[in-house]
1. Stretched out fully, how many nm does the piece from residue A:35 to residue A:60 gain, at 0.36 nm a residue minus the Cα gap?
2. Assuming 0.36 nm per residue, please report the length gained on full extension of the stretch residue B:203 to residue B:229 beyond their Cα-Cα distance.
3. Can you give me the distance in nm between label points at residue A:3 and residue B:171, each placed 7 Å from the Cα along the Cα-to-Cβ direction?
4. Decide, for the range B:35-92, between rounded, prolate and oblate: order the square roots of the alpha carbon gyration tensor eigenvalues as a ≥ b ≥ c, take rounded if a/c falls under 1.5, and otherwise choose prolate if a/b is larger than b/c, else oblate.
5. Could you put A:142, A:174 in order, starting from the residue whose Cβ has the fewest other Cβ atoms within 10 Å?
6. Return the single residue from B:62, B:221, B:314 with maximal mean-square fluctuation; model: Gaussian network over chain B, springs between Cα atoms under 10 Å.
7. Taking only DSSP H segments of four or more residues, each worth -39500 (n - 2.57), what value at 222 nm results for chain B once the sum is divided by all its residues, to the nearest 500 deg cm²/dmol?
8. Tally the DSSP beta bridges in the protein assembly as shown and give the antiparallel ones as a percent, rounded to 5.
């Protein structure tokens, strides 16, 4: 078991190399040992549409060398014909005698791999570093289980929880180092989401391949920086007039733009994870409706000392502290001079 | 040098044993090595009025055993007749050949020890782990250099920086574990300071040997819990009527209760460090006036999501983030489920 943990960690590491590239597929890494227990191959799922990790690792080997060997993989091998044939079939073909798994694939389309392997006489060990395996594919499992994109809220505040002054100035709360780190975090997720207020107040560029802007009354000028790159989805309650001259912009119209509507439309478009960077109102509405899978909270060593400055989250009115929404701290990182605290729902 | 660092760390450890007990004196620990470099004694300043660390360590030894030896101490040995005779004299008498020091004593009354030792032919090495040594006696050095008590601000907030709901409910932001830890921190400092608003809103007990309450208009009922133990100083702008029946309470009156006035009065009374536990207004007034030596910020994994809930610091009105007061992070500690971030002034 100990030995497999070591290889499972290698699987996680391999899997993470493709972070941000496999959506809507999970992150998967694989290690193959020969019958003597020596590592003879490794592989990972590099990109949506390309080989699964098991296939990537096994196809590097001559047909017979894996006979009697062990395959370690962080997710239950698939059992369906998607872009590629089922991995479970290839594992059986190649004559492995044991498969070690971290997470079970709860996707009804792809699951059943373990059963097929066992029916073929292969020993299956499951649950190795399962918590870490589930964490690695938190986006994927949220998609499968909740049928919506994984929601990440990012905020950067002063010690007193403020994101900008009353007059809207927010440049800059955190240091260059923290902002750079936040930009790196963005790339892990399929899209970033922000509000017209943020676009109007800060005119940010927010480089990303996919950007979502909630602009109910179409207040944003389409010459703003944010529209200059990436695929853009604008959620609006106002029908855009005239012809859309911007091939990279899609308007998504509804009578009422609710978070439910947004998440449904994004999920339809296979946007599986959303990094929300916005003011207190938009972040607060996700908190209020309970659509939060992760919170990145950057804290700068500053005090506005101004109660009228704007808070990171707004939208509820509570009279008792016990009504506050609870989360759990999952990580703390020093990004000197700032700090990054990461939370998940309870 | 390396060797001395090790012993200097022992000095720090010994010194810390008396935390909260030596005020207005510094925290000092001492190690004595014989002429062969073997540790033969250690000591520390246990309590105000008792022997200094060097004396504590040397008096445990027979008169001749320290001849040719080395004395390691985290603060320059004193050169004055206070409650005890000068340590520098005792070191010379005992025939040590070398003294190793971390911090220089900037107290004009006690300094001059190094000079005296050198004049007696003793080699003095100074600056060993000096930063840590200065940190250990941050209270003492602030007292000497700024001629006022060391000011610690403590707050406990939600992720969104709130200390209570709009209606004043604050029970409880942080977990039992964090609150216990905060009570332990209190004991390190000479006194705690709070406002009548906190007493009226929460009726806290706040156990401490010395408590300071700012109650400008004498609104607090003296039967409130906080008055039941410890020595109490009430700062007020209203002359108390009638006879003070409470032997543990002293009223300190002034036309206008300013922070300057409070700090001056406390310093006169040899209250050398103050742990401020209060709402945003009182904490904010210390921030506004720049009287902050340390901030303990406990953060609970909760979001009020309510902009009208009360902030941890208030009192300024700023229009630009660049006007926010800057601090530096000096420590972060997981007190699961909460976090404690510690800051110092820049």
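1. Using 0.36 nm per residue and subtracting the Cα-Cα distance, I get 7.3 nm.
2. 8.0 nm
3. About 5.9 nm, to one decimal.
4. Taking the square roots of the gyration eigenvalues as a ≥ b ≥ c, the range B:35-92 is prolate.
5. Least to most surrounded, the residues fall as A:142, A:174.
6. Greatest mean-square fluctuation among the candidates belongs to B:62.
7. Result for chain B: -7000 deg cm²/dmol, rounded to the nearest 500.
8. Restricted to the protein assembly as shown, the bridges split so that about 40 percent are antiparallel.
Just so you know, all these numbers are worked out from the coordinates, no wet-lab data involved. Fair warning: this is a prediction, and the values are worked out from it, not measured in the lab. Every residue, glycine among them, receives a Cβ derived from its backbone with ideal geometry; neighbour counts consider all protein chains shown.
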